[in-house]
Amino acid sequence: MILNRRNILVLVFAAALTGCKIVANEDLKAEKSKSADEFDAKAYVDEIWASKVMPDFKNRAMDLGALLQEIAMDPDKAGQAHGHREGDGNPWTYEIKGEGKVVAVDTASRHSIVTVEVRTASGARKVDLQIGPVVFGTMLRDALPFIKFGDFVNQIQYAQASRALNDRASKGVRETFDPKNSMGKMIVFYAAAVLGSSDGTISATPVIIEPAKGGKT
């Protein structure tokens, strides 16, 4: 066989192909989707709950009354000092703590609410504590400074982490707190909330609800 320049190029190209694997775009998309689907949000939350989430609330949660005063004076300064947010333009989310009297209990749906009246320097404020088992919003995830969007593959995983955090918080609260026997009782709570200058009812996602000192739930 006489090898000319064209034949040599063909042989080299053929040899190169034997060591390569051609992957279709559909296969690449499937692999990427598979890696996202394999994210175990519950396991992720279980791993950080006792080691990071609860210690962070115990150390960083600020008294609701004092925090509301700071927000009234300078919302952005208060947010920078005590809150957390992912990117400019998003609301500041806070880890708060407070003590108050249970003034309403709504367990008619799976989105159960316990309303607490907290005394502050500017007057009484009501806080709706979402005890679930269905919990709305991303307040809990957004309040935690060590959870970053960039740590996840995509928006789906980020949302899954939020739902898993809400589920874990609701489970823990409902294991130690009986809303049916709480009406009129004094309680202490640690929760995540978005706070603004409005004087309306505050919606919050609690991680702890316990009897106030000397009280029972």
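Readers should treat all values here as calculations from the given coordinates under stated rules, not as data from a laboratory. Worth saying up front: this structure is predicted, and the values here are computed from it rather than measured. Please note: Cβ atoms are built from the backbone with ideal geometry, for glycine as well, and neighbour counts cover all protein chains shown.
Using 7 Å Cα-to-Cβ label points, what is the residue 42/residue 81 separation (nm, one decimal)?
Taking the two extended label points, one gets 4.2 nm.
Between residue 108 and residue 163, take the C-beta separation as r, use R0 = 25 Å, and let me know the FRET efficiency to the nearest 0.05.
About 0.65, to the nearest 0.05.
In nanometres, what is the gap between the two model label sites at residue 90 and residue 185, each 7 Å from Cα along Cα-to-Cβ?
3.5 nm
Quick one: Karplus J couplings for segment 172-185, per residue in order, coefficients 6.51, -1.76, 1.60, θ = phi - 60°, nearest Hz, x for Gly and Pro?
The phi angles translate into x, 5, 6, 6, 10, 10, 9, x, 5, 10, 9, 4, x, 8 Hz.
Using a simple charge model, +1 on the beta-carbon of Lys and Arg, -1 on the beta-carbon of Asp and Glu, nothing else, what dipole does segment 131-217 show about its Cα centre, in debye to the nearest 20?
Around 220 debye, computed over segment 131-217.
With a/c under 1.5 counting as rounded, go ahead and sort segment 72-167 into rounded, prolate or oblate using the C-alpha gyration tensor (a ≥ b ≥ c being the square roots of the eigenvalues; past the cut-off, prolate if a/b is larger than b/c, else oblate). Intermediate results must be reported in sequence, preceding the final value.
Working: a/c = 3.12, a/b = 1.21, b/c = 2.58.
The shape class here is oblate.
Compute the length gained on full extension between residue 117 and residue 136: take 0.36 nm times their separation in residues and subtract their Cα-Cα distance, giving the result in nm to one decimal.
4.8 nm
What list of ³J(HN,Hα) values in whole Hz, one per residue of segment 93-105 in order, does the Karplus curve 6.51 cos²θ - 1.76 cosθ + 1.60 (θ = phi - 60°) give from phi, with Gly and Pro shown as x?
Per-residue couplings from phi come out as 10, 10, 9, 10, 9, x, 10, x, 9, 6, 10, 7, 9 Hz.
Put +1 on the Cβ of every Lys and Arg and -1 on every Asp and Glu Cβ in segment 63-216; which of 195, 166, 182 then has its Cα farthest towards the positive end of the dipole?
182
What list of ³J(HN,Hα) values in whole Hz, one per residue of segment 73-80 in order, does the Karplus curve 6.51 cos²θ - 1.76 cosθ + 1.60 (θ = phi - 60°) give from phi, with Gly and Pro shown as x?
Here the 3J(HN,Hα) series is 7, 7, x, 5, 5, 5, x, 5 Hz.
Can you tell me how segment 43-125 classifies by the Cα gyration tensor, rounded, prolate or oblate, using a/c under 1.5 as the rounded cut?
Taking the square roots of the gyration eigenvalues as a ≥ b ≥ c, segment 43-125 is oblate.
For residue 208, which sequence-distant residues (separation of 5 or more, or a different chain) have an amide H within less than 5 Å of its own amide H, given hydrogens modelled in the peptide plane?
Residues meeting the amide H criterion: 190.
Spin-label point model (7 Å from Cα, Cβ direction): what's the residue 213 to residue 174 distance in nm?
Result for the modelled spin labels: 3.2 nm.
5 Å is the cut-off here: which amide hydrogens, built 1.01 Å from N in the peptide plane, fall below it relative to residue 112, excluding neighbours closer than 5 in sequence?
Here 131, 132, 134 satisfy the definition.
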